Amino acid sequence: MSAETALRDFRRRGRVVVVGASLAGLRGAEALRAGGFTGSLTVVGDEAREPYDRPPLSKQVLLGRTAADATTLPRRHGLDVRWRLGVAATGLNLAERRVSLADGDEIEYDRLLIATGARARPWFREAEAALDGVFVLRTADDAAWLNRRLAAGPRRVLVVGAGFTGSEIASACRERGLEVTVVERGPAPLVGALGGVVGAVAARLQRAHGVDLRCGVTVTSLEGDAAGRLRRAHLSDGSTLDAEVAVVGLGAVRNTEWLAGSGLAAGPRGVACDAGCRAFDVHGIVTDDVFVAGDVARSPHPLFGYQFLSLEHWGNAVEQAEIAAHNMISSGLARRPHLWVPAFWSAQFGINIKSIGVPPMGEEIVVTQGALEEDRFVVTYGFQGRVIAAVAFDQARWIDFYRRLIESAAPFPPDFPNVDRRAGGTRPVPADFPDPSLPSHGPTVTLSGYSPSERRLQFTPARA
Amino acid sequence: MRIVVDLNRCEGYAQCAFLAPDVFVMHGQEALMYDPGPGEERSEQVLRAAAACPVQAITVEGEVLSDVR
Ligand SMILES: Cc1cc2nc3c(=O)[nH]c(=O)nc-3n(C[C@H](O)[C@H](O)[C@H](O)COP(=O)(O)OP(=O)(O)OC[C@H]3O[C@@H](n4cnc5c(N)ncnc54)[C@H](O)[C@@H]3O)c2cc1C
Ligand code: SF4
């Protein structure tokens, strides 16, 4: 059978299994059907719910405006999928093309899409994490519990970690009139993702909205009472803080444990794949029947020095899943690379934050529109003389313009006549990112692999 | 009904908030907070808002989702 005939046959009656029934899994399944795949399509997900959207969980839901179980994602009409919800995949046999499930079932595939995403990093001491009043926020259940607790009017909420999720939670708490303390190890909120210059704006915003923000401090332990309820937190500066609710926002962990020993290049930083979303095996050889998309994937991007990007971004899950699906049912030259320019948004303290490109690669930063003091601006990040990223506060409509600058490797500092640059903001200053080798939970983009700037992680061979 | 807004695409023009104010609400100057599960009685409003969005950021259940390029 020629490759073309085999592909046609696969498209007609092949077997696809998708593991992970969230944004990437759903969009991948939809794109397979939209692309003409008529074979059997099974989607396995360990959450019992239909695929739902997560971004509202730290925004509308925590404001009490939307129920936690009301963010189910819309779907194409008549989407023909066999759902296996509420059951986890526990293993993968590459040689026999088989996924095993927690209930003992096994499902065979011709092509597999891995979309198991990430989960919230739990508080590091189990007994303390189990205290009544200690939360993380990743799932609809997490949001429902937290929302109920916030509605009961706790005297103080402690947010551990001022990344995007932590900052959005603090914002929601203030809007509900709750006292909130944010404890952040870095020098400012969002510093790992956006750098110190924008971090300083985020810090000012938090304080202006009444957040008790403490930077350069860590929470060392959580203390409960005899009944197992959270009472107070101990901080690294020796102080203690009474709080009835603590939300741990220390970033996410990739769901790759089920792939241990499978022979795929899967580990705590995700599953490595090529720009066509095909997974690498442990030898660095690309597979041709296993694809990866969403938060669990890390893949090289030519615009960013072919470094492997792990992106915890909504838009990446959508784009990568669509590319993976297309490539699953296409061959050779018809395949497409995932060349999406990273983008994400956040809404906090009434500000619409948008990012395009990879800010943590930025060495220098310049205000290209508006002014930092006005909370309405665009900053542009430069790397080796070209534009590598831009971040906008309440200037969403400019993001597309900056995307084009990044895609065309426009010179940095940018020089365009038609933007309202003002005195003081025109000279580039250091972007002020913390040392990437120090542990940080802030960034939603992680770079690894070849880097001319030595901004790379250490190679640690995995034990098979 | 179920809806989702691609907030990477959304530019905060607020047409949706004008046409379906019970479903789409601006939070501050340009951050959009919407109800992802509005009641069926709002479907006409929602469809009108989706059609009016200048950057086609609003996806409504049942419509073709991924524009296959
Ligand atoms: C509170 C919150 C707010 C956010 N806000 C924003 C935002 O404002 N902007 C933005 O760009 N992004 C935001 N994000 C990120 C965005 O939601 C994610 O990038 C997106 O959900 C990734 O989708 P995914 O399908 O790749 O992974 P996930 O959504 O993590 O889904 C993976 C699914 O696979 C399941 N799974 C895991 N292991 C197994 C297994 N072994 N077997 C079966 N199923 C398994 C998981 O339970 C989960 O259902 C936010 C995320 C959270 C949690
Ligand atoms: S109409 Fe579209 S661009 Fe404008 S706020 Fe609504 S979703 Fe955003």
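The values are calculated or read from the model by the stated rules, or taken from the named source; none is laboratory data. The model shown is predicted, which means the values in this text are computed figures rather than measured ones. Note that each Cβ is placed from the backbone with ideal geometry, even for glycine, and that neighbours are counted across all protein chains shown. We work out accessible area using only protein heavy atoms, side chains counted, and drop any ligands, DNA or RNA first. Shrake-Rupley method; radii C 1.70, N 1.55, O 1.52, S 1.80 Å.
Across the residues of A:393-401, average count of Cβ atoms on other protein chains within 10 Å? Provide the component values of the computation, followed by the final result.
On the way: counts 2, 5, 4, 12, 7, 1, 3, 4, 0.
Mean partner shielding for this stretch: 4.
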Summing -39500 (n - 2.57) over the DSSP H runs of n ≥ 4 in chain A and dividing by its residue number, what mean residue ellipticity at 222 nm do you reach, to the nearest 500 deg cm²/dmol?
-6000 deg cm²/dmol
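Lys and Arg at +1, Asp and Glu at -1: add these up for the other residues within a Cβ distance under 13 Å of A:D103 and post the number.
Details: positive: A:R84; negative: A:D46, A:D105, A:E106.
Charge balance near A:D103 sits at -2.
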Run the simple label-point estimate for A:A6 and A:E407 please: 7 Å along Cα→C-beta, distance reported in nm.
3.5
Fully extended, how many nm does the chain gain between A:A151 and A:E47 (0.36 nm per residue separation, minus their Cα-Cα distance)?
34.9 nm
Out of A:L146, A:G196, A:A130 - ranked by how far each Cα lies towards the positive end of the dipole of the stretch A:126-250, with unit charges on the beta-carbon of charged residues - the top one is A:G196
For A:52-59, what's the mean count of beta carbons from other chains sitting within 10 Å of each residue's beta carbon?
3
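Ignore the peptide's own chain and count Cβ atoms of other chains within 10 Å of each Cβ in A:201-212; give me the average, rounded. Numbers along the way, then the final one.
Working: counts 0, 0, 0, 0, 0, 0, 0, 0, 0, 0, 0, 0.
Mean shielding count: 0.
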Could you sort the peptides A:171-183, A:152-164, A:223-235 by per-residue average Cβ neighbour count (10 Å cutoff), highest mean leading?
A:152-164, A:171-183, A:223-235
Note: B vs A interface, total accessible area buried (1.4 Å probe; ligands, DNA, RNA excluded), nearest 100 Å², is 3000
Top positive-direction residue, dipole computed over the stretch B:2-61 with Cβ charges, set B:V46, B:T59, B:F24:
B:T59
Using Cα pairs under 8 angstrom and six or more residues apart, how large is the relative contact order of chain B, in percent?
44
Between A:V157 and residues 5 or more places away or on another chain, which pairs have amide H atoms under 5 Å apart, with H built 1.01 Å from N, and which residues are they?
A:E179, A:V180, A:T181
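Please compute the net charge surrounding B:M33, taking Lys and Arg as +1 and Asp and Glu as -1 over other residues with Cβ under 12 Å from its Cβ.
On the way: positive: A:K59, A:R65; negative: A:E168, A:E175, B:E30, B:D35.
Here the count lands on -2.
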Taking the stretch A:325-421 and dividing mean pair separation by its residue count, relative contact order in percent (alpha carbons under 8 Å, at least six apart)
24
Run the 1.4 Å probe and let me know the accessible area of A:S2, rounded to the nearest 10 Å².
60
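If each residue of separation counts as 0.36 nm, what is the full-extension length gain between A:R82 and A:R121 once their alpha-carbon separation is subtracted?
Result for the pair: 11.0 nm of gain on full extension.
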Scan around A:H301 for amide H atoms under 5 Å from its own, H built in the peptide plane at 1.01 Å from N, and keep only partners 5 or more places away or cross-chain.
A:Y306, A:Q307, A:L309
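Please get the size of the charge dipole for the protein assembly as shown, origin at its Cα centre, with Cβ charges of +1 on Lys and Arg and -1 on Asp and Glu, quoted in debye to the nearest 20. If you can, show how the numbers build up before the last one.
Working: 58 positive and 63 negative charges, 95 e Å.
Using only the charged Cβ atoms, the result is roughly 460 debye.
With the cut-off at 1.5 for a/c, could you classify chain A from its C-alpha gyration tensor as rounded, prolate or oblate?
On the way: a/c = 1.83, a/b = 1.25, b/c = 1.46.
Since a/c reaches 1.5 but b/c is at least a/b, the shape of chain A is classed as oblate.
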Hey, any idea what % of chain A's accessible area is carbon plus sulfur with a 1.4 Å probe?
50
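Given Cα pairs under 8 Å that are at least 6 residues apart, what percent is the relative contact order of chain A?
On the way: 1097 pairs, mean separation 67.7, N = 464.
So the answer I get is 15 percent.
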Take the alpha-carbon centre of the stretch A:113-132, take the same for the stretch A:20-82, and report the distance between them in whole Å.
22
What nm value, rounded to one decimal, do you get for the distance between A:Y306 and A:A130 when each label is placed 7 Å out toward the C-beta?
4.9
